[in-house]
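To start, the structure under review is shown below, and the notes come after it.
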Amino acid sequence: MKRFAFFPGCLIPARHPAMEFAIRETLPKLDIELVDLEGASCCPDPIYFKSKDKLSWLAVAARNLCLAEELGVDLVTNCSGCTATLSETYHMLHDDPDVKDQVNQRLAKIGKTYKGTSKIRHIATVVRDEAGYEKIRNSVTHPLVGLKVAIHYGCHLLKPSKIMNVDNPDDPSVLENLIRALGAEPVRHRNWYLCCGKACQNEDIPNNMMHDLLGSVHDEQADVLGMICPTCFGQFDHGQMKIAKLFEEDFHTPPVYYFQLLALAQGVPYDQLGFQKQRFKPTVLQQFEEAAAPPA
Amino acid sequence: MTKRQNEDDIVRVDFGFKRLLAETVEGDLANFCYQCGACVGDCPAATYSEEFNPREIMLKVLYGLEDELLGPDSVIWECTNCYACHERCPQQVKPVEIVISLKNMLAARGDAPDVVNRVIHTFETTGRTVPYSPAIDKQRAKFGLPPMGEVPMDEIQALLEPATEGEAT
Ligand code: SF4
Ligand code: SF4
């Protein structure tokens, strides 16, 4: 068992407990152990709080990293925003001794020192690199054969690549391979690289962007839109209702967080995975409950 | 060689504004911009908005056009924070970080949009960006998850205050 400090952030534990449940269900089956981080705060978010005061943002992020350093383990994130904040902090404090000094002066007030000994890993890379696709495939009891999953990488998982260190942002493969390991078919639609637009304060931009993206997923006749970020998920679930009204076009594309899909493929029943709380329910997944693999 | 017709054709650089921007974390990177436009092609805000263009924002930064960058018609909040420009820039300018530095300057003046201020306030008072309510723990219990952990707010608030005078912002 490889151990990691688990940094759930705010959005997943507070708004999407089903996603946290799925993570806690699936990772032990891949021999990955999660240790809770007592006293962790918001990462803080890379959109709003970073816009207020970047040095305070770095200081709070560094405190969260100190908590993992105190446990002597690397830290795993389940939200692309948290990954962005914590990875960027790690890199900036490594590259800029002046900023590191200023952050440590603030941390001294609470008796902490940032050292830079714990790395930040997005959960998608942890399952890819620690478990591997083969082990994921072997953990599947209910293969999702025939399911077409359109992919949505979101922005912060991949960019900036030198900081995120996850995959090639121009031609990534991690999400496709993770989906393939479940027996499903990943679909790279023509707007796969688009952003969810959540941070933009001019509504027209994300509205048009999401409309284009959902349109291209629809054209590919994908069953669901698979993703690994709770912010993107909110945009495509709640936000899709607005798009349907605004453009008088109902693409009806349920978004699905990858680890809920993995849980289903590992045999967790549909009803236990919180899908019924989504605005756009991925009922197409129900058929895989019965389709268990014959015993070997 | 033609001579400039009149003085109005000359753009004057506002060094005072540029010095203020350079005091923000990474605000000094702007000077390396050579206006190639590599940041524009993948920019979703530029693709979907007539008025937003990261190269033009960088040009205004190079000249120090404070009124256009931070005035009421500022487009900087249209940026989607996607980091595509950071990925593309051959000069390591990190245009998105310059945009964020500009937002820091606006926030310091109390001029951030209301929705942004609301999230910031929730974080500064609770240590989280999603406000806590007992309903959250109830939902969590349905999945067999423990209640949300406590955030030691005394520690968070101590970190939000500068440690020394003259610290960068
Ligand atoms: S890519 Fe970099 S150097 Fe080129 S215009 Fe944009 S910010 Fe300037
Ligand atoms: S981060 Fe902002 S400026 Fe940069 S490419 Fe994305 S939307 Fe454009």
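The values are calculated or read from the model by the stated rules, or taken from the named source; none is laboratory data. Not measured: the values here are computed from a predicted model. Virtual Cβ from ideal backbone geometry, glycine too; neighbours counted across all protein chains shown.
Can you give me the ranges of the helices (runs of 4 or more DSSP H) entirely in segment A:179-296 with at least 1 residues that are closer than 28 Å to A:S51 by Cβ?
A:204-219, A:230-247
Within segment B:75-82, the presence of a residue that is over 16 Å from the mean Cα position of the chain (by Cα) and farther than 22 Å from A:K162 by Cβ is excluded.
Is it true that B:R88 is of a type in the set (D, E, K, R), surrounded by fewer than 23 Cβ atoms within 10 Å (Cβ to Cβ), over 12 Å from the mean Cα position of the chain (by Cα) and more than 10 Å from ligand 2 (Cβ to nearest atom)?
no
A count restricted to segment A:11-58 and to residues that are farther than 27 Å from B:L21 by Cβ, free of Cβ contacts under 8 Å to residues at least 40 places away in the same chain and either out of contact with any Gly (no Cβ under 9 Å at 6 or more places or on another chain) or not in a loop (DSSP other than H, G, I, E, B) (or both) stands at 7. Check whether at least one residue in segment B:137-150 is over 19 Å from A:R15 (Cα atoms), in a helix (DSSP H, G or I) and outside the structural domain of B:P72 (by TED's automatic domain parsing), and report yes or no. No - not one qualifying residue is present in segment B:137-150. Only one of the numbered conditions (1) at the interface with chain A (Cβ under 7 Å from one of its Cβ atoms); (2) out of contact with any Phe, Trp or Tyr (no Cβ under 8 Å at 6 or more places or on another chain); (3) farther than 30 Å from A:E25 by Cα is violated by B:P152, and that is (3).
Filtering segment A:184-228 to residues that are within 8 Å of chain B (Cβ to nearest Cβ) and more than 18 Å from the chain's Cα centre (by Cα) leaves A:C200, A:Q201, A:N202, A:D204, A:I205, A:P206, A:N208, A:M209.
Among the listed residues B:T129, B:T80, B:T122, identify the single one that is surrounded by 19 or more Cβ atoms within 10 Å (Cβ to Cβ), assigned to a loop (DSSP other than H, G, I, E, B) and away from ligand 2 (no atom under 15 Å from the Cβ). Answer to the check: B:T129. A single member of A:V140, A:V166, A:V187 is closer than 25 Å to A:H94 by Cβ, assigned by TED's automatic domain parsing to the domain that holds A:D212 and out of contact with any Cys (no Cβ under 7 Å at 6 or more places or on another chain), and it is A:V166.
Residue-wise test of (1) in contact with a strand residue (DSSP E or B) (Cβ under 6 Å, 6 or more places away or on another chain); (2) of a type outside the set (S, T, N, Q).
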{"residue": "A:P44", "(1), (2)": "no, yes"}
{"residue": "A:F49", "(1), (2)": "no, yes"}
{"residue": "A:A59", "(1), (2)": "no, yes"}
{"residue": "A:V73", "(1), (2)": "yes, yes"}
{"residue": "A:T77", "(1), (2)": "yes, no"}
{"residue": "A:Q105", "(1), (2)": "no, no"}
{"residue": "A:A108", "(1), (2)": "no, yes"}
{"residue": "A:G111", "(1), (2)": "no, yes"}
{"residue": "A:T117", "(1), (2)": "no, no"}
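Of everything in segment B:91-114 that's facing chain A (nearest Cβ under 7 Å) and more than 14 Å from ligand 2 (Cβ to nearest atom), which residue is surrounded by the most Cβ atoms within 10 Å (Cβ to Cβ)? Per the criteria, the residue is B:N104.
If you filter segment B:51-84 down to residues that are more than 16 Å from ligand 1 (Cβ to nearest atom) and of a type in the set (A, V, I, L, M, F, W, C), you find that the one that is nearest to B:F15 (Cα to Cα) is B:L70.
Of the residues making up segment B:65-77, not a single one is within 25 Å of A:D98 (Cβ to Cβ), within 11 Å of chain A (Cβ to nearest Cβ) and part of a helix (DSSP H, G or I).
For segment B:55-83, a residue qualifies if it is within 17 Å of A:C195 (Cβ to Cβ) and out of contact with any Pro (no Cβ under 7 Å at 6 or more places or on another chain), and the qualifying residues are B:V75, B:I76, B:E78, B:C79.
For B:M153, the conditions (1) surrounded by fewer than 16 Cβ atoms within 10 Å (Cβ to Cβ); (2) in the same structural domain as B:D14 (by TED's automatic domain parsing); (3) hydrophobic (A, V, I, L, M, F, W, C) all hold with the exception of (2). Picking from residues in segment B:85-102 that are of a type in the set (A, V, I, L, M) and under 17 Å from B:F17 (Cα atoms), the one that is nearest to ligand 1 (Cβ to nearest atom) is B:I98.
Of everything in segment B:40-54 that's of a type in the set (G, A, S) and touching a residue at least 24 places away in the same chain (Cβ under 8 Å), which residue is nearest to ligand 2 (Cβ to nearest atom)? Restricting to residues being of a type in the set (G, A, S) and touching a residue at least 24 places away in the same chain (Cβ under 8 Å), the top hit is B:A45.
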